[in-house]
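The values are calculated or read from the model by the stated rules, or taken from the named source; none is laboratory data. None of these values were measured; they are calculated from a predicted model. Counting neighbours? That spans all protein chains shown, and the Cβs are built from the backbone with ideal geometry, glycine included. Note: areas computed on protein heavy atoms with side chains; ligands, DNA, RNA excluded. Shrake-Rupley method; radii C 1.70, N 1.55, O 1.52, S 1.80 Å.
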Amino acid sequence: MANPLAFLSEQLTQLRASGSYFRLRELESACEPVSRVDGREVINLASNNYLGLANHPKLKEAAIAAVRKYGAGTGAVRTISGTLDIHMELERRIAAFKHVEACVVFQSGFTANAGTVSSILGKDDHIVSDQLNHASIIDGARLSRAKIHVFEHANPASAGEKLAALAGEPGRKLLITDGVFSMDGDIGPLPALCEAAEKYGAILMVDDAHSSGVLGRNGRGTVDHFGLHGRVDIQVGTLSKAVGVLGGYVCGSRDLIDYLYHRARPFLFSTSHPPAVTAACLAAFDILEAEPERIEMLWAITRYFKGELARLGFQTGRSETPITPILVGEAGAAHAFSRALFEEGLFATGIGFPTVPEGQARIRTIVTATHSREQLDRALEILARVAKKMGISP
Ligand SMILES: *Cc1c(COP(=O)(O)O)cnc(C)c1O
């Protein structure tokens with residue numbers, strides 16, 4: 001009998017031919033500056049664990065205590081019987097931290113974006129979206145069936161033109177951007193987008209996945225970084241990156257959050273966070289508030305690493321955050337570079353088309369507050385040596 005999934009093998013063959021096929025690497029230790037991966041000790045520049053909270057003793061203790069009190073799972077979705085008192089405490093805690101009326105926590109940043117965009121808009125509405133916005137925003141936009149208008153990356157004039165062209169159209173308009181772009185590490189032009197949204201009466205939404213815990217006072221995100229409190233209608237953040245655990249949240253007015261409680265499909269139809277996750281997130285907010293020096297350390301080490309990469313002649317594009325891509329060119333070369341770095345003890349992921357445009361393949365590095373100078377010097381030495389051997393830029 002013919003295999004109805006045979007086309008998948010053909011697709012995989014194509015991936016292998018283009019050098020984009022990968023096998024999942026296995027972490028055999030906690031996520032740390034030096035981690036054990038596939039049987040080898042490597043300097044880990046491949047995580048989003050910006051503040052080193054993923055393996056922090058206080059988060060682990062909080063998780064263990066929550067398991068003892070509440071068990072391993074919640075047994076239901078939030079709207080049936082799966083809302084714990086600590087779920088509500090975390091939402092109040094985040095709302096107060098972000099200086100907004102209310103907050104809802106989703107299972108992930110992905111479901112926060114997709115669930116929010118798809119539930120607040122319908123087929124008669126319009127979404128004006130940055131060209132490089134995250135996949136979860138794009139999926140949410142598609143699920144909403146609203147019309148999607150893509151503006152040129154980080155170009156508020158282009159966003160303004162799209163909104164101006166829609167001025168006479170019926171339907172709601174949502175202007176949406178990432179706070180920090182995950183592949184290039186540049187910061188979205190939020191102040192100018194705010195003005196455009198206000199001028200045309202659009203809803204403004206920002207996805208602060210890579211800015212939560214990284215930008216703004218105590219890691220409050222881009223709205224705080226730019227001093228735009230009260231002017232951004234919907235702020236999404238993640239609990240999976242700098243916060244070190246898992247989850248996504250949406251911040252805004254009480255009505256927005258009540259509406260999402262009633263209409264956001266991942267909230268309604270998928271089980272709530274296990275107690276360990278929620279308790280560890282609460283402990284992470286204690287640390288964000290008590291230890292802002294972690295974020296200062298993150299930025300100090302970021303400046304050092306970027307400075308040294310530039311001195312070595314690497315091309316790092318438009319990055320202005322701890323996400324620093326090293327541009328290589330073709331996807332095959334980026335993946336080969338990443339594999340060769342790994343053999344020498346440095347873990348940094350190769351990223352190619354379709355995640356980034358053709359010809360702009362790269363390895364992506366993310367430093368964390370817990371990397372030492374010595375570890376980064378070793379990483380830089382490996383980068384320079386392997387790049388030279390492989391004939392990659394510097
Ligand atoms: C990682 C990321 C997400 C998804 O967050 P998770 O909590 O990992 O699901 C959403 N948006 C952006 C821009 C991201 O980088």
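Taking all protein chains as present, what is the carbon and sulfur share of the accessible area of the chain, in % to the nearest whole number, probe 1.4 Å?
Values: 9510 of 17550 Å².
Using a 1.4 Å probe with all protein chains present, the chain comes out at 54 percent carbon and sulfur.
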Of Leu215, Ile203, Ala192, farthest towards positive along the dipole that unit charges on Lys, Arg, Asp, Glu beta carbons give the stretch 171-235:
Ile203
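Apply the a/c threshold of 1.5 to the C-alpha gyration tensor of the stretch 1-133 and tell me whether it is rounded, prolate or oblate.
Numbers: a/c = 1.80, a/b = 1.21, b/c = 1.48.
It comes out oblate by the Cα gyration axes.
What is the calculated FRET efficiency for Ala17 to Arg40, with r their C-beta to C-beta distance and R₀ = 30 Å, to the nearest 0.05? Intermediate values should be presented prior to the final figure.
Details: r = 28 Å, r/R0 = 0.92.
Result of the calculation: an efficiency of 0.60.
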Round to a whole angstrom and tell me the spacing of the C-alpha centers of the stretch 84-129 and the stretch 321-394.
34
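From the Cα gyration tensor of the chain, with a ≥ b ≥ c the square roots of its eigenvalues, which class applies: rounded if a/c is under 1.5, or else prolate if a/b is larger than b/c, or else oblate?
Numbers: a/c = 1.44, a/b = 1.22, b/c = 1.18.
Rounded shape, in that the Cα axes give a/c under 1.5.
Magnitude of the Cβ-charge dipole of the stretch 242-342, K/R +1 and D/E -1, about the Cα centre, nearest 20 debye? Intermediate results must be reported in sequence, preceding the final value.
On the way: 9 positive and 10 negative charges, 81 e Å.
Here the stretch 242-342 has a charge dipole of around 400 debye.
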If you roll a 1.4 Å probe over the heavy atoms of the protein chains, what accessible area per residue do you get for the stretch 1-59, in Å²?
65
In the structure shown, of Lys58/Lys98; Lys60/Lys388; Lys147/Lys199; Lys98/Lys199; Lys58/Lys388; Lys98/Lys173, the pairs separated by more than 31 angstrom at the C-alpha atoms are Lys60/Lys388; Lys58/Lys388
Under 5 Å from the placed amide H of Thr349, counting only residues 5+ away or on other chains, we find Arg364
Just grab the label-to-label distance for Lys69 and Phe353, each label 7 Å out from Cα along the Cβ direction, in nm (one decimal).
5.3
Please list, short to long, the whole-number percent of alpha-carbon pairs of the stretch 57-290 in consecutive 5 angstrom bins beginning at zero.
1, 7, 15, 19, 20, 16, 11, 6, 3, 1, 0, 0
Judged on accessible area alone, 1.4 Å probe, highest first, Tyr50, Tyr21 line up as Tyr21, Tyr50
In the stretch 64-160, which GluC sites (Glu not before Pro) fall in coil by DSSP and have 15 or fewer other Cβ atoms within 10 Å?
Glu101, Glu152
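As an exercise, use a Förster radius of 22 Å and the Cβ-Cβ distance of His262 and His99 to find the FRET efficiency, rounded to the nearest 0.05. Mind dumping the intermediate values first?
Values: r = 24 Å, r/R0 = 1.11.
So the FRET efficiency works out to roughly 0.35.
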